[in-house]
Amino acid sequence: MIFTETAIKGGYLVDIARHEDHRGFFARAWCRREFEAHGLNPDLAQINVGHSHKKGTLRGLHFQTAPHQEAKLARCTMGAIYDVMVDLRPDSPTYLQWFGVELSAQNRRMLYVPEGCAHGYQTLADGTEMLYQTSDFYAPAHALGVQYDDPAFAIVWPLDVTVISDADKNWPSYTLERPKR
């Protein structure tokens, strides 16, 4: 696996190292030892799949509060997404900064989102599916979000938002205090 640090402290792009032969290729997509060697959270509590029918669908920006903060490893398995993380850790040198990258079935890239960062994505193709693993279990009482178009972050999404849930549309604007439910 190939780990490349992003502009967000503790966030990484993870690329597979393909071993090819006449049959095709083989690659490792996750390894506890390699994650530990890079100082990343190697815990695996859940693997989730999200499918979106329409190009332009936006999901997020989501995060969980302590004691259920979670790291995520996201990968697009069908179609393409623009995947974004926003640093919400006040003590981080990249606080309030965001990073976005295209993940697709074709490029097979993954994005590691550290604890304390919000995560969201926009589909770039109809019939897109993504898979992500989390380091902690979903805890509804600790699951929050912030507005995808909050001026505090100034995220540049590649497409107009064509589909979004009422919950994601109505997350509060980010302030210096974490949003409360």
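Rule-based calculations on the coordinates, nothing more; no lab input. Because the structure is a prediction, the values reported are computed rather than measured. Quick reminder, even Gly has a Cβ in these numbers, built from the backbone with ideal geometry, and neighbours come from all protein chains shown.
A few points about this structure:
- Least to most buried among Phe63, Phe26, Phe35 (fewest other Cβ within 10 Å first): Phe26, Phe35, Phe63
- Rounded to the nearest 500, the helix-only mean residue ellipticity at 222 nm of the chain stands at -1000 deg cm²/dmol, with each DSSP H run of n ≥ 4 adding -39,500 (n - 2.57).
- Summarising the amide proton neighbourhood of Glu70: residues at separation of 5 or more, or on other chains, whose placed amide H is nearer than 5 Å comprise Gln64, Gly116.
- Around the amide H of Met78, modelled in the peptide plane, lie the amide H atoms of Ala105, Glu129, all under 5 Å away and 5 or more residues distant in sequence or on another chain.
- Förster radius 41 Å - calculated FRET efficiency between Asp15 and Asp166 (Cβ-Cβ, nearest 0.05): 0.70
- Between Ser173 and Thr4, the modelled label-to-label distance comes to 3.6 nm, taking each label 7 Å out from Cα in the direction of the beta carbon.
- Distance from the Cα centroid of the range 87-154 to that of the range 39-81 is 7 Å (rounded to whole angstrom).
- The slack between Gln106 and Asn48, meaning 0.36 nm per residue of separation minus the straight C-alpha distance, is 18.9 nm.
- Computed from the C-beta positions of Arg28 and Asp149, the FRET efficiency with R₀ = 35 Å rounds to 0.40.
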